[in-house]
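In what follows, a single structure is set out as structure tokens and then discussed.
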Amino acid sequence: MGSSANEERRKYKRIATDHVISFAHVDTRDRLAVGKNLSTGGIRFEAVGCEISQGEHLRVTFNVGDHTVVATGHVKWAIEVDPFTLDIGLEFSDVDPIAMSLLEEATSGLE
């Protein structure tokens, strides 16, 4: 299966990114990670030196253009890249309506 089949399966258009983001369990201190891609449905990022499991509730902070977005969501998947790094897919459950508009605008030109 090639990447084109993957693209067709996707529910949301994604924006590739390599920006530093922050994430945390909703009531804990923020940690840093690197964003991989972003959509109106969620964000994929890589985190180092932490344990995160499917279903956990996290808060993420990231930028869309010049705007800072704070969203919460549930971990859909967490895959070990190496013994220290996790690749994490977070599905948004709560995003400010203005931030959602920014995400929609940013992904609207994608095919």
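Taking θ as phi - 60°, what are the ³J(HN,Hα) couplings along segment 47-63 by the Karplus curve (6.51, -1.76, 1.60), each to the nearest whole Hz, with x for Gly and Pro?
Result, ordered by residue: 10, 10, x, 8, 10, 9, 10, 3, x, 5, 9, 10, 10, 10, 10, 8, 10 Hz.
Going by amide H atoms built from the backbone, whose H comes under 5 Å of the H on Glu56, apart from near neighbours?
Val75
Mind running the shape call on segment 13-93? Use the C-alpha gyration tensor, a ≥ b ≥ c as the square roots of the eigenvalues: rounded below 1.5 for a/c, prolate if a/b tops b/c, oblate otherwise.
rounded
About the Cα centre of segment 13-93, what is the dipole size in debye to 20, counting +1 per Lys and Arg Cβ and -1 per Asp and Glu Cβ, all else neutral? Present the calculation step by step, with values, prior to reporting the outcome.
Working: 8 positive and 11 negative charges, 56 e Å.
Dipole of segment 13-93, to the nearest 20 debye: 260 debye.
Once amide H atoms are placed 1.01 Å from N in the peptide plane, what residues at a sequence separation of 5 or more from Lys36, or on another chain, have their amide H within under 5 Å of its amide H?
Arg44, Phe45, Glu46
Coordinate-derived values only; no laboratory data. This structure is a prediction, so every number in the text was calculated from the model and none was measured. Quick reminder, even Gly has a Cβ in these numbers, built from the backbone with ideal geometry, and neighbours come from all protein chains shown.
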